[in-house]
Amino acid sequence: MAGQQFQYDDSGNTFFYFLTSFVGLIVIPATYYLWPRDQNVEQLRLKSLRRVHGRCLWYRLRLMKSQQSIVPTLKKAALLFGWAVFLLLAYKVSKLDREYQEYNPYEVLNLDPGASLAEIKKQYRILLLKFHPDKGGDEATFLKITKAYAALTNEQSRQNWEIHGNPDGPGATSFGIALPAWIVDQKNSMLVLLVYGLAFMVILPVVVGTWWYRSIRYSGDQILINTTQLFMHFMYKTPNMNMKRLTMVLTAAFEFDPRSNKEATIRPTDNIEVPQLIRELGNINVKKKEPPFCYPYSLKARVLVLSHLARMEVSEELEEDQRFVVRKSPALLQEMINVGCQLTMMANSRGGFHAPRLVTIENCMKLTQMLVQGLQESKSPLLQLPHFEEEHLRYCISKKYKVRTLQDLVSLKDSDRRNMLRFLGEEKYDEVMAVLGSFPHIIMETKLQVLDDEDSNNITVGSIVTVTVTLTRKRMSDMFEKEQEALPCQGEEAAHTEEAQADTSKAKTKVWQNKNKGAKKTAKSKKKKLTKKKATPAPAKTKQANGNVAGNEIEKLTSSTSAPAKEEEDEGSDKGSESEEGEANKDSPSERDEDSDKQSDTEVDEMAGDDEEEWEALQQSIQRRERALLETKSKITHPAYSLYFPEEKQEWWWLYIADRRDQTLVSMPYHVCTLKDTEEVELKFPAPSKTGNYQYSVILRSDSYLGLDQIKPLKLEVHEAKAMLDNHPQWDIPDTEEEDEEQEDSDGIEESDDDDDEDND
């Protein structure tokens, strides 16, 4: 029986195959992921943003970084070196001799495959005369020739060669280990053992341990877990936080502590520069002894944040630290919002403590806007625009223009806007308009329903309400174009309204013309009024729970409004001959039944059509949700315009439902990070436990701009839940059906018995 044989590669050929494969597995994926992208593409992108974002801090820092960075060059050099090693090894492997070849006796005897026995014997004799040891030939070659001749002439040897590839029969299976023999040489045993011990007992545990102990300190959003616990403690302790308290909690994060984060630094010059900034800022609660607000790192971070909001100039060293603090703050505020949502859910489910107030969570959102724009809460949102200073605001808020927000500035006529901003030159005015035109204008549409319910528009106690919000992003420049198009239309509409008013004034009946009417006409008019009152149906609800008019209710309203007109026409026709009235009233009962059947059929068809439409809408929503779960959208939306933020910030939004009367969250804030053109978001919340009308608000807040938030009212009408049916009609099987089924089964058995009897006969 064949055995197995393991041997090291003495020649080193197998080791080169292994080394080439190993280097290729590293170099090829590294090139795909680490090769620097085309710098021209980034330069073209920055060039396209220059007109709008040219004055932004992040834009200037990006240009400086792209000019000074040598990281792409180092990456290219390392990857090219790896490819050079890979190609060199591949060339070395291609030049290696084939050590393992298939044994072929025809090649040994220099014969063509399929040669006859006479040709084999003849060639064997010729080679014997040439390679026989007695004739001075090579003994090894002679043995190969003899073995090949036996393989072709001896039946047993030929069978072994055809089956096992060897005339001698099955041999030992040989496995080559792709390591050079010098590694297992006794002379090098101590060195190899030292290298193995260093690699697997020192370096590998240190690397894995460092990665593990670093990763367990951070959450999934790369926020220190100690920071999350700190936020949870203070939000639980003070559910109602004002902006000053919120800034103190934010700057106490452990990300700003050099002991927890190596990116944070404490400089010797801080003892001189930070007190100067404190004196310029004024009261910032320096004497507060509550830890960690009194720690040096927290005090420094608070001063840097407040100086950023006040747009104060700081030294170069502090400016670098300020950029680090401001860059980290939006992610930390998002973590505070998440913590507030967790505490709110815990308070709603368990109770026992007060959930954070709505003001606290909204202050987190406002502070994010303020940090991105570098503005204090009390400042005008117009200061987000370039070339706008405090002294220029007096031109805007004057009695003539009364411009206090960005929307007011957009709604002005172009001539008034130019006249108001006359303190700007032509170039500066064009730049301001370009920046204002790039700001987002969001169109928000809401739809309220109860999914997976027979009546999706009926909201009952405890049901899960789904509010589908469709967000459409447009640019402010589109609003400029609409206003310019609307100006001539407004003039035409004004002319049409004046003409209509003139016509109505002519058509009005005068007072003295109504006094000479006869008593018969008044009596007829009274009768008409009575018939109209009887004909009009019960007033339908004009609004659903979400504030929208339902389709069937609109049809009822239109039918009710058209009913008086139809009655007047009928009365006009009644003034004809009495014979016509008699003929009209002579309809047979069968004709009336046919009409009623037709009406019922049309109603059934309409109901079936409505059911099909609801089913298709439900299927589309399910498919949309499945697609959203599978696909991952890019979070790169639109770069936000921010004059003082140190890195490129994308436009993101918060969307949530709140009860502003009770200052509570109804649905948790959804962070919309993929709104590029259109986005559809579903907000779900349980309906109140009591029936009645509720007034909520759908709120959309930007995390990048001040003054662009939107609030849309949401009306909710909650009804009592339907009683559960103990015996549903679909489960009620009448006794007659069971008897019929039993009778059919018995008939079938009897028929089969009769057939068997006939066959036997």
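Brief remarks on what is shown
- Kirkwood Rh (inverse of mean 1/r, distinct Cα pairs), the stretch 222-304, angstrom: 13.5
- Heavy-atom accessible area ranking, 1.4 Å probe, most first, across Met64, Met476: Met64, Met476
- In Å², nearest 10: area of Met201 left accessible to a 1.4 Å probe: 150
- Protection proxy ranking, peptides 461-468, 296-303, 427-434, 259-266, average beta carbon neighbours within 10 Å, highest first: 296-303, 461-468, 427-434, 259-266
- For His719, solvent-accessible area (1.4 Å; no DNA, RNA or ligand), Å²: 60
- What the Cβ-Cβ distance of Asn226 and Ile163 gives, at R0 = 56 Å and to the nearest 0.05, is a FRET efficiency of 0.20.
- Computed extension length for Thr210-Ser116: 26.5 nm, one decimal, from 0.36 nm per residue of separation with the Cα-Cα distance subtracted.
- Per-pair calculated FRET efficiency, R0 = 35 Å: Thr674 and Ser415 via Cβ, rounded to 0.05: 0.35
- Share of carbon and sulfur in the accessible heavy-atom surface of the stretch 25-86 [1.4 Å probe, %]: 66
- Exposure check, 1.4 Å probe, all protein chains in place: Cys396 carries approximately 0 Å² of accessible surface.
- Protein accessible area in the stretch 224-278, 1.4 Å probe - carbon and sulfur %: 57
- Shape of the stretch 328-451, Cα gyration tensor, a/c cut at 1.5: prolate
- Accessible surface ranking that places the most exposed of Ile28, Ile622, Ile636 first, with a 1.4 angstrom probe: Ile636, Ile28, Ile622
- R0 of 22 Å, Cβ-Cβ distance Asn693-Asp455: FRET efficiency to nearest 0.05: 0.75
- With the highest mean first, a sort of the peptides 321-329, 220-228 on other beta-carbon atoms found within 10 angstrom per residue produces 321-329, 220-228.
- Residue order by solvent-accessible surface for Val206, Val410 is Val206, Val410, largest first, with ligands and nucleic acids left out and a 1.4 Å probe.
- Stretch gain in nm, segment Glu389-Gln619, where the contour uses 0.36 nm per residue and the Cα spacing is subtracted: 77.4 nm
- Restriction of the trypsin sites (Lys or Arg not before Pro) in the stretch 340-392 to DSSP coil positions whose beta-carbon has at most 12 other beta-carbons within 10 angstrom yields Arg350.
- Sulfur and carbon atoms: percent of accessible area, the stretch 642-710 [1.4 Å]: 44
- Karplus-based coupling profile of the stretch 283-294, in residue order and whole Hz: 6, 10, 6, 6, 7, 6, 9, 6, x, x, 5, 8, with θ = phi - 60° in 6.51 cos²θ - 1.76 cosθ + 1.60 and x standing for Gly or Pro.
The values are calculated or read from the model by the stated rules, or taken from the named source; none is laboratory data. These numbers come from a predicted model, not from an experiment. So basically every Cβ, Gly included, is an ideal-geometry build from the backbone, and we count neighbours across all protein chains shown. When the accessible area is computed, the model is the full protein with side chains, heavy atoms only, and any ligands, DNA or RNA have been set aside. Shrake-Rupley method; radii C 1.70, N 1.55, O 1.52, S 1.80 Å.
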